[in-house]
Amino acid sequence: DTEVTQTPKHLVMGMTNKKSLKCEQHMGHRAMYWYKQKAKKPPELMFVYSYEKLSINESVPSRFSPECPNSSLLNLHLHALQPEDSALYLCASSQDPGTGGRNQPQHFGDGTRLSIL
Amino acid sequence: GDSVTQMEGPVTLSEEAFLTINCTYTATGYPSLFWYVQYPGEGLQLLLKATKADDKGSNKGFEATYRKETTSFHLEKGSVQVSDSAVYFCALSDHSGGGADGLTFGKGTHLIIQP
């Protein structure tokens, strides 16, 4: 059983829709991450939040908008996506390296499989 | 920048065979090293980790040793099972910037175990 919970598991949306992906963890982790994974490829980092503040944005298009409302939740708001955005979106969390978590692994959820029509 | 190179598959073995998946890395700092496994339709699960030279990570019969002199972290298992069929990712975290950072992944190795 994964300790990082992502909802929904599957999402189909049109290019004009607005939807949100949600991620929740209760491990007390203060670093949270969004990754995008295309089929047969490794995950690619999109965003990093540290203590609820955005610390890394890997030049992700503005149609993806992350939000971290509290230390347990991470959202990814989607708007006007393109067909090439269809992928598995993975959330992960870890202890923050600055507070003794330097060598701690990231824990991943099962992902949201997103299809853009 | 950091990078991870691992053998790409698919790697096909018979049940009870010995497994080695090679992984080498380059990093600007002193990284921590990980192996993750991904079963079909699922996210990534941490398989094992090592945080300093000569550390050996182990879990579920899998082992990997952090070799700083050869910058390698090869994954081994003495006797594989059909249930080990999955994609295996070697990854590192560097934290050279001091804060939280993403993992650098290898391309993944698709392992197929035949009965």
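The values are calculated or read from the model by the stated rules, or taken from the named source; none is laboratory data. These figures come from a predicted structure and were not determined experimentally. Please note: Cβ atoms are built from the backbone with ideal geometry, for glycine as well, and neighbour counts cover all protein chains shown. All accessible areas refer to the heavy atoms of the entire protein, side chains included, with ligands and DNA or RNA removed. Shrake-Rupley method; radii C 1.70, N 1.55, O 1.52, S 1.80 Å.
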Among (1) more than 11 Å from chain A (Cβ to nearest Cβ); (2) open to solvent by 60 Å² or more (accessible area, probe 1.4 Å); (3) more than 27 Å from residue A:89 (Cβ to Cβ), the one test that residue B:79 misses: (2)
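Only one of these is farther than 18 Å from residue A:109 by Cα and of a type outside the set (S, T, N, Q): A:54, A:73, A:45. Name it.
Values: A:73 fails: farther than 18 Å from residue A:109 by Cα; A:45 fails: farther than 18 Å from residue A:109 by Cα.
Answer to the selection: A:54.
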Flag if residue A:22 is of a type in the set (Lys, Arg), part of a strand (DSSP E or B) and within 14 Å of chain B (Cβ to nearest Cβ): no
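Residues of region A:16-46 being more than 30 Å from residue B:10 (Cα to Cα) and open to solvent by less than 30 Å² (accessible area, probe 1.4 Å), which ones?
Step one: filter region A:16-46 for residues more than 30 Å from residue B:10 (Cα to Cα), giving A:16-32.
Selection gives A:21, A:23, A:25, A:29, A:31, A:32.
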So residue A:9, is it modelled with pLDDT of 95 or more and either open to solvent by less than 70 Å² (accessible area, probe 1.4 Å) or in contact with a Ser or Thr (Cβ under 6 Å, 6 or more places away or on another chain) (or both): no
Residue match in region B:51-69 (condition: in contact (Cβ under 8 Å) with a residue 40 or more places away in the chain and among the β-branched types (Val, Ile, Thr)): no
Strands (runs of 3 or more DSSP E) wholly inside region A:57-117 that include at least 1 residues being open to solvent by 20 Å² or more (accessible area, probe 1.4 Å), free of Cβ contacts under 8 Å to residues at least 40 places away in the same chain and more than 14 Å from chain B (Cβ to nearest Cβ): A:64-70
Residue check for residue A:6: away from chain B (no Cβ under 11 Å), closer than 15 Å to residue A:107 by Cα and touching a residue at least 40 places away in the same chain (Cβ under 8 Å): no
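Using the structure shown, decide if residue B:24 is on the phi < 0 side of the Ramachandran plot, in a strand (DSSP E or B), touching an Asp or Glu at 6+ places or on another chain (Cβ under 9 Å) and more than 14 Å from chain A (Cβ to nearest Cβ).
On the way: on the phi < 0 side of the Ramachandran plot: yes; in a strand (DSSP E or B): yes; touching an Asp or Glu at 6+ places or on another chain (Cβ under 9 Å): no; more than 14 Å from chain A (Cβ to nearest Cβ): yes.
No.
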Condition met for residue A:53 (at pLDDT 95 or above, open to solvent by 10 Å² or more (accessible area, probe 1.4 Å) and within 12 Å of another protein chain (Cβ to nearest Cβ)): no
Residue, nearest to the other protein chains (Cβ to nearest Cβ), within region B:27-64, restricted to residues that are open to solvent by 30 Å² or more (accessible area, probe 1.4 Å) and among the polar types (S, T, N, Q): B:51
Pair list, Cβ < 8 Å and 6+ apart or interchain, from region A:32-47 residues that are without any contact (Cβ under 8 Å) to a residue 24 or more places away in the chain and within 8 Å of another protein chain (Cβ to nearest Cβ) to residues that are among the polar types (S, T, N, Q) and open to solvent by 10 Å² or more (accessible area, probe 1.4 Å): none
